1. Mind listing whichever residues of the stretch 14-38 are part of a helix (DSSP H, G or I) and either more than 16 Å from ASP56 (Cβ to Cβ) or touching a Cys at 6+ places or on another chain (Cβ under 8 Å) (or both)?
2. In the stretch 56-90, which residue that is aliphatic (A, V, I, L, M) and in contact (Cβ under 8 Å) with a residue 12 or more places away in the chain is farthest from ALA21 (Cα to Cα)?
3. Tell me, please, whether a residue that is in a helix (DSSP H, G or I), free of Cβ contacts under 8 Å to residues at least 40 places away in the same chain and of a type in the set (Gly, Ala, Ser) can be found in the stretch 47-55.
4. Filter the stretch 38-86 down to residues that are of a type in the set (Phe, Trp, Tyr) and exposed (fewer than 11 other Cβ atoms within 10 Å of the Cβ) and give me whichever is nearest to the chain's Cα centre (by Cα).
5. Mind listing whichever residues of the stretch 11-23 are surrounded by fewer than 16 Cβ atoms within 10 Å (Cβ to Cβ) and out of contact with any strand residue (DSSP E or B) (no Cβ under 8 Å at 6 or more places or on another chain)?
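A short reminder: the numbers here are calculations on the coordinates, not readings from a lab. Given the structure is predicted, the values throughout are model-derived calculations rather than measurements. Positions of Cβ are generated from backbone atoms using ideal geometry, with glycine treated the same way; all protein chains shown enter the neighbour counts.
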Amino acid sequence: MKFLCYIDRVNLMNRLIQKRATGTPEDFAGILGVSRTRLYEMLEEIKSYNAPIAYDKTAKTFFYEHPFDISISFSVTPLEELEANQYNGGSFFQSTCFPDFTHLTLQPVSLQTAEKPGRINKG
């Protein structure tokens with residue numbers, strides 16, 4: 001899952017910046033496994049959340065100009081069938097993230113052999 005890798009990268013970035021242990025931009029990008037361009041895109045994204053990131057040319061490291069922390073977490077917990085039914089009624093289509101779909105009713109659709117190329121008949 002790419003987003004989990006992204007969360008890990010951001011957390012690692014934060015730790016290295018806090019410790020003033022990033023090295024040069026090229027080194028930092030290598031540690032994170034991204035290109036130098038992508039590193040700067042990620043730094044700009046973090047700065048958009050008011051992270052006071054700067055670069056010390058003498059020490060060759062990124063640092064926070066004043067105390068700052070980033071905390072991103074993600075947790076996955078398997079649910080028993082009864083718990084799953086309590087959370088979402090046993091349906092994939094009920095979600096608090098997408099309230100417009102909470103009353104979704106699926107209608108069966110059968111696909112038959114197309115009469116003409118590119119045309120599908122719905123039964």
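1. ASN14, ARG15, ALA29, GLY30, ILE31, LEU32, ARG36, THR37, ARG38 - these are the residues of the stretch 14-38 that are part of a helix (DSSP H, G or I) and either more than 16 Å from ASP56 (Cβ to Cβ) or touching a Cys at 6+ places or on another chain (Cβ under 8 Å) (or both).
2. Here is the first cut: in the stretch 56-90, the ones aliphatic (A, V, I, L, M) are 59, 70, 72, 76, 79, 82, 84.
After this cut, where a residue has to be in contact (Cβ under 8 Å) with a residue 12 or more places away in the chain as well, the list is 59, 70, 72.
Details: ALA59: 9, ILE70: 16, ILE72: 20 Å.
That would be ILE72.
3. no
4. Residues of the stretch 38-86 that are of a type in the set (Phe, Trp, Tyr), as a first pass: 40, 49, 55, 62-64, 68, 74.
From what's left, exposed (fewer than 11 other Cβ atoms within 10 Å of the Cβ): 49, 74.
Details: TYR49: 16, PHE74: 10 Å.
Once the filter is applied, the top-ranked residue is PHE74.
5. Once the filter is applied, which keeps residues that are surrounded by fewer than 16 Cβ atoms within 10 Å (Cβ to Cβ) and out of contact with any strand residue (DSSP E or B) (no Cβ under 8 Å at 6 or more places or on another chain), the stretch 11-23 yields ASN11, LEU12, ARG15, LYS19.
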